[in-house]
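Working notes for the structure below.
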Amino acid sequence: MQKTHTYQLTVTWTGNTGEGTTSYRGYSREHVVEMAGKPPLTASADPAFRGDPNLPNPEDFLVAALSECHMLWYLALCSSSGVVITDYRDEASATMVEVPETGGHFTEVVLRPKVVVADPAMLPKARALHEQAHRKCYIANSVNFPVHHEPEITTAG
């Protein structure tokens, strides 16, 4: 049975430095993302687009969403399959190209999870579950560019 989930949030531009958008260089790209019951997130544009390099940007959030979604599915699948994960760290990267006519787009994201399993006998199943996690990831199923996986799986100790 199909279930529908909805998500609501508010994005508020906080970068008016006094003159609004009278000039491209005259305003800050800073903004706040608010979701009911959750702490607000202060963000900006990518530094290439006059954003604050000390704040996350929408491109960061997209890559993080893909990494988080894959991790959460992977951990759930491992748990239900008897694969004990003791550590997980993803060093994800993405490539985006700017195109004058359309603004630009992502061409790929590469997830590089470093996973530690409790027992060497779990290694084959732990490797296989990455593909299943990718197939189930809501975010990966929603983007129009490839999401690659380069997992590194080791055992504890």
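The values are calculated or read from the model by the stated rules, or taken from the named source; none is laboratory data. Computed from a predicted model, the values in this text were never measured in an experiment. Cβ atoms come from the backbone with ideal geometry, glycine included; neighbour counts cover every protein chain shown.
Which count do you get for residues in the range 25-47 that are outside any loop (DSSP other than H, G, I, E, B) and in contact (Cβ under 8 Å) with a residue 12 or more places away in the chain? Residues that pass the stated criteria total 7. One residue stands out among those in the range 86-114 that are over 19 Å from Ala140 (Cβ atoms) and hydroxyl-bearing (Ser, Thr, Tyr): the one that is modelled with the highest pLDDT, which is Thr86. Checking each residue in the range 116-157 for being of a type in the set (A, V, I, L, M, F, W, C), within 18 Å of Ala64 (Cβ to Cβ) and buried (at least 17 other Cβ atoms within 10 Å of the Cβ) picks out Ala133, Cys137, Ile139, Ala140, Val147.
Return a yes/no flag: does the range 17-24 have any residue that is on the phi > 0 side of the Ramachandran plot, assigned to a loop (DSSP other than H, G, I, E, B) and either hydrophobic (A, V, I, L, M, F, W, C) or touching a Phe, Trp or Tyr at 6+ places or on another chain (Cβ under 8 Å) (or both). Within the range 17-24, one or more residues are on the phi > 0 side of the Ramachandran plot, assigned to a loop (DSSP other than H, G, I, E, B) and either hydrophobic (A, V, I, L, M, F, W, C) or touching a Phe, Trp or Tyr at 6+ places or on another chain (Cβ under 8 Å) (or both). Of all residues in the range 47-64, those satisfying the criterion of being under 15 Å from the mean Cα position of the chain (by Cα) and of a type in the set (Asp, Glu) are Glu59, Asp60. Name the single residue that is farthest from Leu55 (Cα to Cα) among those in the range 5-16 being of a type outside the set (A, V, I, L, M, F, W, C) and not in a loop (DSSP other than H, G, I, E, B). Restricting to residues being of a type outside the set (A, V, I, L, M, F, W, C) and not in a loop (DSSP other than H, G, I, E, B), the top hit is Thr10.
Every residue, every condition in (1) part of a helix (DSSP H, G or I); (2) in contact with a strand residue (DSSP E or B) (Cβ under 8 Å, 6 or more places away or on another chain); (3) assigned by TED's automatic domain parsing to the domain that holds Ala64, yes or no:
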{"position": "Tyr88", "(1), (2), (3)": "no, yes, yes"}
{"position": "Pro100", "(1), (2), (3)": "no, no, yes"}
{"position": "Gly103", "(1), (2), (3)": "no, no, yes"}
{"position": "Glu108", "(1), (2), (3)": "no, yes, yes"}
{"position": "Lys114", "(1), (2), (3)": "no, yes, yes"}
{"position": "Lys125", "(1), (2), (3)": "yes, no, yes"}
{"position": "Ala128", "(1), (2), (3)": "yes, no, yes"}
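The residues in the range 77-86 that are assigned to a helix (DSSP H, G or I) and touching a residue at least 40 places away in the same chain (Cβ under 8 Å) can be counted, and the count is 3.
Of the listed requirements (1) charged (D, E, K, R); (2) assigned by TED's automatic domain parsing to the domain that holds Pro146; (3) surrounded by 14 or more Cβ atoms within 10 Å (Cβ to Cβ), Glu30 misses just one: (2).
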